[in-house]
Ligand code: ATR
């Protein structure tokens with residue numbers, strides 16, 4: 001009897017990768033859409049990543065998500081699109097005609113979450129982005145793509161903000177880390193891409209009271225779900241977009257590329273991941 005074709009499976013490649021919420025998200029979509037498929041976690045040490053990706057198809061995978069510390073290597077081991085190249089890191093891999101392609105879905109995760117949570121945010125002319133790491137590169141790319149005229153960028157280490165300005169051009173304006181107060185009154189969008197406000201980290205010292213009344217505040221941190229920054233913004237009646245929303249939205253395209261259907265970020269999915277994040 002001929003062997004039954006195996007259902008398509010994707011995986012998350014990380015080291016260590018045990019605490020990811022990605023399996024919960026993709027299993028929910030597989031179940032909801034009635035697709036027979038799989039999503040596993042593969043803990044791959046740095047010395048094995050080249051071999052693992054070279055044999056991805058042989059191992060039975062139609063594609064993968066990639067997380068720390070492999071995102072930069074994944075870019076070099078695949079054919080990256082403009083987004084992965086701009087961020088300098090790939091988080092999603094898929095095969096097309098036998099070739100392994102990659103992208104970075106943090107950009108669309110950030111933008112689609114803002115669209116869902118604060119429609120009309122892109123009428124902003126001035127955005128203030130805090131942080132200049134990999135996540136910040138995704139955010140800056142997205143803001144420029146959506147036509148934000150000036151992206152002010154503040155980072156504790158000034159050289160990293162300058163590096164992003166050099167990469168992205170004149171619309172990105174570095175600001176001193178301790179001078180953000182002057183910019184807040186004309187920033188219609190404030191985005192935190194630093195780890196400040198995360199559990200175990202100091203809070204972010206930004207006075208949201210200085211923002212204009214129409215301002216939107218986005219935080220990429222999702223542990224805790226409601227950061228002190230988001231709590232302060234909500235208390236002031238400002239629109240907000242949270243890190244969990246971005247996490248869910250960035251997962252959409254991988255699923256679509258691997259399993260052929262575009263899944264939705266539903267309130268039910270959000271509740272499922274929230275419950276997992278807050279369980280003790
Ligand atoms: P990611 O890829 O998630 O952006 P990263 O590259 O490690 O991660 O960047 C972390 C960001 O948080 C950086 O902008 C970092 O500032 P530095 O470039 O000065 O390191 C910022 N960050 C982390 N801890 C901070 C702190 N205590 N105060 C201010 N900024 C901090």
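Some notes on this structure:
- Put in order of Cβ neighbour count within 10 Å, fewest first, the listed residues 279, 239, 85, 71 become 279, 85, 239, 71.
- Taking the C-alpha atoms only, the angle from helix 22-33 to the longest principal axis of the chain is near 70 degrees.
- For the options 257, 247, 93, a Gaussian network treatment of the chain with springs between C-alpha atoms closer than 10 Å singles out 257 as fluctuating the most.
- In terms of its C-alpha gyration tensor, region 234-280 comes out oblate, because a/c is 1.5 or above while a/b does not outweigh b/c.
- Highest GNM mean-square fluctuation among 170, 215, 84, for the chain modelled with Cα contacts below 10 Å: 170.
- Three-way shape label, region 145-191, alpha-carbon gyration tensor, a/c 1.5: oblate
- Overall form of region 112-219 per C-alpha gyration tensor (a/c, 1.5; a/b vs b/c): rounded
- The chain: antiparallel DSSP beta bridges as a percent of all, rounded to 5: 20
- Distance from the Cα centroid of region 78-119 to that of region 142-184 is 22 Å (rounded to whole angstrom).
- Using C-alpha pairs under 8 Å with a sequence gap of at least 6, the mean separation divided by the residue count of the chain gives a relative contact order of 16 percent.
- Packing-based ranking, highest mean first, of 145-154, 121-130 given that Cβ atoms within 10 Å are counted: 121-130, 145-154
- Most mobile listed residue (101, 52, 255) in the chain, GNM with C-alpha springs under 10 Å: 52
- Per-residue Cβ neighbour rank within 10 angstrom, fewest leading, 108, 214: 214, 108
- The residues 182, 42, when put in order of fewest to most other Cβ atoms within 10 Å, stand as 182, 42.
- For the chain, calculated [θ]222 nm from helices alone, where every DSSP H run of n ≥ 4 adds -39500 (n - 2.57): -10500 deg cm²/dmol
Read-outs: derived from the displayed coordinates by stated rules, not from any lab. Note that this is a predicted model, so its numbers are computed, not measured. Please note: Cβ atoms are built from the backbone with ideal geometry, for glycine as well, and neighbour counts cover all protein chains shown.
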